[in-house]
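Rule-based calculations on the coordinates, nothing more; no lab input. Bear in mind the structure is a predicted one, so any value in this text is a computation, not a measurement. Neighbour counts run over all protein chains shown; Cβ positions are idealised from the backbone, glycine included.
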Amino acid sequence: MKKIFSILLVVVVVAMLTTLSVCSSSSSGSRVIRKIPVITEPQTEDACQFETTKLLVDAMKSLGINAELITMPWTKLGDEIWFNRDKWDITAWSFGIRPERLDPQEFIFNVFHSSTAKDGYNFEGYINPEYDKVAEEQRKTIDKNKRQALVKKAQEILANDVPILFCNNPMQQFVYNTEVFDSNSVVDMPGLGILNYWTFININPIGNVKDIILNSVEDFKAINPFYLGGIADGWAAELIFDRVMRLGADSLPKPYAAKSVEWTSDTECKIVLRQDMAFTDGVKVTADDVKFSYEVPLLTDKSPAFKPFVSDIDTIQKVDDYTLIIKLKQPSASFETSCLSKMPIAPKHIWEPIVKKLEGKTDTLETITRLDKNLLVGSGPFKFVGWQQNEKVIMEANKNHFEVPKVDKWICIINGNMESTLGMIQSGDINFLSQFMGDGSLLKEKVDAAGNLKMASTTSIGANFFAMNNRRAPFDDVAFRRAIAAVLDRQAIVDIVWKGFAVPNDSIISPNLTFWKNTDLKYPSGGLKEAKKILKDAGYEWDKEGRLLYPKGKIETLKSNY
Amino acid sequence: MSGKWTYIRKRLFQMIIILWIIATILFFMFRLMPGNPLVAYIEPTFDKEQQDILMKQFGLDKPLYYQYIVYIGNLFRCNMGVSFFYGDTVLNILKRNLPNTLYLTIFSLIAAYIFGIFFGILLAWKRGTKFEKAGNIGTIITRSAPQFWVAMVLLVVFSFKLKLFPSSGTSNAGVIYANELQKLTSPDFWKHLFLPGLTLFIYLQGLPTLLMRSNMFDVMGEAYVEMAKMRGLSKWRIMFKYAARNAILPIATSLALGIGTSMEGNVIIENVFSWPGLGKTLVDAVVNKDYPLAQGAFFLIAVIMLFMNLIADILYSVLDPRVSV
């Protein structure tokens, strides 16, 4: 009897101790920081992100944080992070390359201003009124030098507050055939590299091959002036449809379809269009087309993807067939980049009937996805010839454009097999490698061995980082965030994970945007020693098992949700 | 004859039931995957109203049972929905890609079976010799070699190194075919078809070769073959007129089955060669989380396989009067 009682007692005690330890890993009522799930896409979806996250988890563990790597496929991850903003703690994330991100507005304002914390790009929930003021001010400061100072000040605040863990800017590699093209005619744009509008227009064939043949991993979805399709769709749309302004080779906006863009005040600009432009069906490009192209996303719900780019516009007034006056609701420093250089000029005579047909229906213009010659009529330097699904898109030079391309055709081959793509650039089946998702060091090796290939690498304006949920403890504490930043070895990530094909960064602004990048930031990067000092100074402690404890007076009240 | 029609009607009914089960599995498999399938297509700048419009556009705002009823009802009307990625109907997309898969499959299958029949006869005739042993080993190796590996080897050797054949697609860079007839009559198309076709041929020829060889062993022991030998008929006449004609019956039905089973090989081969067929469409749809298109492609493959199974059964009973349905 005694023996049975003893056994029962031991079982009960063990059960109680187990329950207590389980509870302490969630909401324990103790100072021990709960288990922190660090979310990333699986290795098969994004190997570099996955490996980087492993390194972060190890770094957090070295501080005594019970960090755990959690993988989620993108469909779930995007959903969780975007629509359940109170649930997650820290996640890997990246921003892709879009030309409008050459202007700092998108990153400085949209990603960190408190107004976008609820359902916009500030999904990490960073709230700082001082930062908000600076972000708002730079948005409406037209004077470039004054704006530069504000953008640098914004970066300074971010480097101090560390709302997100800056990691690196990946490098993009492009390769072209030097037996086909004159190297001097290839244009390298900071932040975008050689894959840009100016290269497509100016690249000069020197041999028998007169076409530029590039590749895309993904098929074309929709080349539509009212829809932001995929990456390849964007390349084609830029060439088929002109814009009022274009970002020049120096990444600064310059008049293009416009003869002049004159700011008569901080909120009013007068646009005078060129008179020598016509769509490929012969109809002249006029102010009506520009007005129509901007008003569809502005005044209707038929182009939701472009709505944010015209949101600063108050009114558009047509003065005559080639002159418009645009009035803004408030001064906007990025208007020329994010609107005038972004919005395609669509032929009103083709798209107005389509818009009218959709009135009263829930369908938007994004449902118009057919790639057909009669629809894809633009005034740009290339005209659409044809599409073979999952195979290629062909465009030919528009000889009536004011800037006729030097190549005869622009041909994009769809090939999702990276090994095969590597073979194609070597064999000449393609002569411009525009997308390569494989090993950059292998690509360099093949290029060096080939003799007739040249590789151009550029640090992209896209960024890889970890978003910390500033709404949830301990990430609501600046000291805690600074400590994680200090212990994360960004150089090791670049060397080990990216094999040197990335650049470590301490800001959301890419290092190659030299005019905007603040190079004097005091971003925490002193390793484990500095991280521990930051935590100690903030009152954090470690228990006997090396687990990190909240400062005295604070207990764990949250639980891990993953 | 009426027995045969009853059998066909019964099999068609069974096919419908099996297809309904497959359609149901596909429906739930994709919808029960974690996350919002439209995350890839919703711009972060969309407000709630815009996201709701997109969900409504793709019918994802309704309860699951309602979506299922609509889905099954649409399938009966050959409506497989609208692709998330392309915005076009799934049926249109599959109609564009299916011919490329059929050309690849039929070309390779016919070549594989013609080769397999003759080679199988030869192996049977040379039974016990070194030639037969080498032939058997070679056939088994080619049958078991992973198709993606064979495809990559052929690509590297014949396309990238020797530059004899193109590496991807159905046509040269600047060419778009106006219609299927222009495609089929273009030498460029056949040049592009050669390597993927050869890859599939290498895989497919194993079955008819070994089957024919095995059937020939059975038939060559029959009394009428012995009689033909005693009559002094030539080797070739005995092989082809007496033995092979009877040994070929199972090959005919395996050809019908082969169309269905080669779909599995097409998925790999089409992706390695970027051949724009059903297999590539399927993989791209899964990668792009384009559920309606992935469902539609899977379902079409299932229809083809079941249909060819039925053809195989009917064919066998037609070719061999001893077999009744």
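Quick look at the numbers
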item	result
Loop-located trypsin sites (Lys or Arg not before Pro) in region B:108-209, at most 16 other Cβ atoms within 10 Å (DSSP)	B:LYS126, B:ARG127, B:LYS163
J(HN,Hα) series, region A:354-368, from Karplus relation 6.51 cos²θ - 1.76 cosθ + 1.60, nearest Hz, glycine and proline x	5, 4, 5, 5, 8, 4, x, 9, 7, 4, 10, 5, 5, 7, 8
Spherically averaged projected area in nm², based on the convex hull that wraps the Cα atoms of region A:177-244	5.5 nm²
Signed unit charges on C-beta, dipole axis of the protein assembly as shown, positive-most listed residue B:MET33, B:ALA151, A:ALA492	B:ALA151
For region A:410-479 versus region A:77-153, the gap between their alpha-carbon centres in whole angstrom	25 Å
Subset of A:LYS76/B:LYS289; A:LYS302/A:LYS361; A:LYS406/B:LYS191 violating a 21 Å alpha-carbon distance limit	A:LYS406/B:LYS191
Label-point separation, A:LYS536 to B:ILE311 (7 Å along Cα→Cβ), nm	7.9 nm
Cβ-Cβ FRET estimate between B:LEU19 and B:ALA111, R0 fixed at 51 Å, reported to 0.05	0.95
Estimated dipole of the protein assembly as shown in Debye, rounded to 20 [Cβ of Lys and Arg +1, of Asp and Glu -1, Cα centre]	2880 debye
Angle in degrees between helix B:64-76 and the longest Cα principal axis of chain B, rounded to the nearest 10	50 degrees
Straight-distance crosslink candidates among lysines, where the alpha carbon sits under 26 Å from A:LYS536 and sequence neighbours closer than 8 are dropped	A:LYS35, A:LYS54, A:LYS61, A:LYS522, A:LYS544, A:LYS552, A:LYS554, A:LYS559
Global form of region A:225-370, assessed from the alpha-carbon gyration tensor, a/c cut-off 1.5	rounded
Rounded FRET efficiency, nearest 0.05, which uses the C-beta distance separating B:LEU64 from A:LYS522 and R0 of 45 Å	0.25
Neighbour-limited loop hits for trypsin sites (Lys or Arg not before Pro), region A:528-562 (at most 12 other Cβ within 10 Å; DSSP other than H, G, I, E, B)	A:LYS544, A:LYS552, A:LYS559
Assigned charges on the beta-carbon of Lys, Arg, Asp, Glu; region A:58-180 dipole about Cα centre (debye)	340 debye
On Cα atoms only, tilt of A:440-450 relative to the major axis of chain A in degrees	40 degrees
Expected-Rg normalisation [2.2 N^0.38 Å, Cα atoms] applied to chain A	1.10
Inter-part distance where region B:148-206 and region B:67-89 are each reduced to a Cα centre, Å	33 Å
Cβ-derived FRET efficiency at R0 30 Å, A:ASN452 paired with B:ASP188, nearest 0.05	0.75
Two-site label geometry, B:VAL153 and B:LEU102: point separation in nm, points 7 Å out along Cα→Cβ	3.3 nm
Which listed pairs, of A:LYS146/A:LYS254; A:LYS348/B:LYS62; A:LYS392/B:LYS62; A:LYS210/A:LYS291; B:LYS62/B:LYS95, have C-alpha distances above 30 Å, in listed order	A:LYS348/B:LYS62; A:LYS392/B:LYS62; A:LYS210/A:LYS291
Separation of the A:ASN204 and A:GLU359 label points, Cα + 7 Å toward Cβ, nm	5.2 nm
Packing-based exposure ordering (other Cβ within 10 Å, fewest first) of A:VAL151, A:VAL407, A:VAL385	A:VAL385, A:VAL407, A:VAL151
Shape category assigned to region B:106-151 from the gyration tensor of Cα positions, a/c cut at 1.5	oblate
Likely footprinting exposure, B:TYR66, B:TYR316, fewest C-beta neighbours within 10 Å first	B:TYR66, B:TYR316
Calculated from backbone phi, Karplus (6.51, -1.76, 1.60) coupling profile of region B:160-168 in Hz, x at Gly/Pro	7, 7, 7, 6, 8, 9, x, 9, 7
Largest-first principal axis extents of the Cα set of chain B (Å)	87, 58, 36
Set of lysines with alpha-carbon distance to B:LYS235 below 25 Å, sequence-local pairs under 8 removed	B:LYS126, B:LYS130, B:LYS133
Extension gain, A:SER185 back to A:HIS349 (0.36 nm per residue minus Cα-Cα distance, nm)	55.4 nm
Amide H contacts under 5 Å for A:ALA502, placed H, 5+ residues apart	A:MET171
Sum of -39500 (n - 2.57) over DSSP H runs of 4+, divided by residues of chain A (222 nm, nearest 500)	-9000 deg cm²/dmol
Residues of type aspartates and glutamates that A:LYS284 reaches as a straight line, Cα spacing below 12 Å, ignoring anything fewer than 8 places off in the same chain	A:ASP276, A:ASP321
Cβ-based exposure ranking for A:LEU195, B:LEU315, in which fewest neighbours within 10 Å come first	B:LEU315, A:LEU195
Helix A:2-25 axis, angle to chain A major axis (alpha carbon atoms, nearest 10°)	30 degrees
